1. Using a 1.4 Å probe over the heavy atoms of the protein chains, calculate the carbon and sulfur portion of the accessible area of region 113-379 as a whole percent.
2. With a 1.4 Å probe and all protein chains kept in place, how do 360, 477, 249 rank by accessible area, largest first?
3. Starting from the Cα gyration tensor of region 1-136, multiply each eigenvalue by 5, take the square root, and state the resulting semi-axes largest first in whole Å.
4. What are the semi-axes of the equivalent ellipsoid of region 383-487, taken as the square roots of 5 times the eigenvalues of the Cα gyration tensor, listed largest first and rounded to whole Å?
5. Using the heavy atoms of the protein chains alone and a 1.4 angstrom probe, what is the accessible area of region 419-489 per residue in square angstrom?
6. Mind listing the long-range amide H neighbours of residue 175? Cut-off is under 5 Å, sequence gap 5 or more, other chains count too, H placed in the peptide plane at 1.01 Å from N.
7. Enumerate the residues in region 90-115 having an amide nitrogen under 12 Å from the point lying 7 Å beyond the Cα of residue 71 toward its Cβ.
8. Starting from region 228-284, pick out the GluC sites (Glu not before Pro) whose DSSP state is loop and whose Cβ has at most 14 other Cβ atoms within 10 Å.
Amino acid sequence: MLAPLSKEEFRRLLTCFEDAGYVEANLRKHLGAAELPSRQLRNEPRLLDRTAEPTLLNALLRWFWLGRPQTEAQAADSVPADFRALLLNCGLLRADAGTLSATAMLLPWDGFLVAADFPRAIERAEPEMVLWPNPTSKFLARFAIRRHSRATLDLGTGSGILSLGAARFSDTVVATDLNQRAVSFAAFNAKLNGVESIEVLAGDCFAPVVNRRFDLILSNPPFFITPQQGYMFCDNSMELDGLCRRLVKEAPEYLNEGGYMQMLCEWAQVSGQPWEERIAEWLDGTGCDAWVMKGLTQDPAEYAQHRIRETTLDTADDASLYRGYMTYYRDRGVEAIHDGLVVMRRRAGTNWMQLEEVPKTPNGDLGELVLSTFAAHDLLSQLQDDESLLAVRPRLSGHARLEQVCEQSGGRWAAESITLRLISGFPFHLALQPLVAEFLATCDGTRTAGQAIEEFAVVANAPLDTVRSECLAMMRKLIDRGFMVVAPG
Ligand SMILES: C[S@@+](CC[C@H](N)C(=O)[O-])C[C@H]1O[C@@H](n2cnc3c(N)ncnc32)[C@H](O)[C@@H]1O
């Protein structure tokens with residue numbers, strides 16, 4: 001359907017889009033909110049109104065955002081002939097009986113132009129629909145570790161959006177997908193954006209990359225936990241969260257030592273188990289350190305309603321669909337469904353695992369945060385015995401701030417609470433006693449933890465043994481969360 005042009009022709013095509021203002025920031029302004037056309041949002045009249053004036057940008061938007069055909073005569077008025085020819089030659093436009101129609105949606109994102117299916121593919125229930133860059137792709141891209149990677153795998157590449165981003169810091173990228181249409185889109189998008197280091201392969205899970213190893217694996221797999229198998233982009237044929245479990249179990253074989261896998265997923269909480277137990281079993285024995293950041297938790301009823309609304313537009317079958325979903329969950333003892341990000345790092349030795357609910361995700365790129373969290377854990381596992389922790393010189397991170405809330409009392413301000421906060425990364429915070437806050441102020445990297453604790457025991461007029469064990473426990477927590485960093489003694 002989509003055909004490659006020469007490098008030079010694709011470069012000219014991209015320049016035409018840029019010159020027309022078909023770029024992310026401008027579209028947000030031009031369309032008001034840059035929403036995709038959606039029957040659920042009922043925003044088509046507004047988008048049509050916004051693109052009514054016969055300009056080049058509006059012609060492009062009507063084709064590649066709204067999926068509206070235009071007559072050849074209309075197009076000739078606003079779109080230069082050589083631009084039209086490029087669009088027709090690469091198959092992004094199709095001519096039929098005097099009408100020109102777009103064959104794919106085009107989304108500008110992060111400096112790339114990405115072709116994918118129009119949202120109406122959901123309206124038509126097309127199982128092989130190729131998903132456009134969406135909030136989940138963007139979320140994973142923000143967490144991606146952007147240090148040099150000799151080889152990166154993007155498993156379940158879809159439009160190829162994560163591969164395009166990864167190509168900026170990887171020598172080579174392998175993009176794989178079970179859906180042959182996705183493979184074609186990803187290959188087209190690599191060429192369209194002039195990225196030559198992406199190899200696109202078709203196949204199930206890791207099958208296309210047997211015997212290969214990567215420094216980084218990114219995956220935004222079809223993780224919906226439903227009885228449906230309607231769409232390849234979100235449904236899979238395994239029981240509950242079986243596909244994500246399988247990817248976690250198999251990934252280490254495809255990672256270089258020190259390599260990371262970052263995967264978005266959902267997992268079920270089943271009959272009376274704490275949420276951590278099921279995902280801990282996935283990670284157990286993988287030979288990887290792991291950090292699981294749990295996000296949203298939904299009960300099965302709310303989850304079913306949400307997924308039915310997202311994947312079906314016709315409301316006629318809502319009641320039977322809902323019953324089917326709820327029977328599926330009930331039969332399997334599902335009490336809740338969680339979503340989150342799993343980060344694994346292959347490492348020989350005794351592995352650690354941190355499973356936690358994280359506060360609101362901060363803005364910006366978070367790859368460095370992932371690396372510093374792994375570094376803090378490594379450090380803590382080296383400082384497990386008290387003697388080694390007492391010997392290091394701790395200091396508060398430059399991102400730590402003390403916040404004091406006061407109340408009026410007896411004609412003065414009296415401290416009601418003291419909170420240590422992080423102003424960068426996840427917004428972790430910790431309530432402190434005033435004396436402990438004083439102790440932390442003395443942790444400035446000039447003395448060892450042992451010396452600082454001895455001095456503090458004198459100031460606090462408390463037994464050294466008690467102060468030492470409490471301070472060391474707190475320091476471990478502060479190092480773990482990034483409030484405190486240490487230098488060798
Ligand atoms: C949620 S989409 C993500 C697409 C893209 N990576 C993104 O982030 O926008 C999941 C992708 O996984 C693909 N997929 C589904 N089952 C797969 C399997 N067993 N092996 C490999 N890819 C699969 C789907 O075709 C789809 O393109």
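The values are calculated or read from the model by the stated rules, or taken from the named source; none is laboratory data. Just so it is clear, the model here is predicted, and its values are computed rather than measured. Here the Cβ is made from the backbone with ideal geometry for all residues, glycine too, and neighbour counts use every protein chain on show. Ligands, DNA and RNA are excluded from the accessible area calculation, which covers all protein heavy atoms including side chains. Shrake-Rupley method; radii C 1.70, N 1.55, O 1.52, S 1.80 Å.
1. Here it works out to 50 percent.
2. My answer, sorted largest first, is 360, 477, 249.
3. One finds semi-axes of 21, 17, 16 Å for region 1-136.
4. Working from the Cα gyration tensor, I get semi-axes of 24, 18, 11 Å.
5. Counting only protein heavy atoms, the per-residue value for region 419-489 is 50 Å².
6. Amide H neighbours of residue 175, under 5 Å, 5+ apart: 154, 199, 200, 201.
7. 98-100
8. 239
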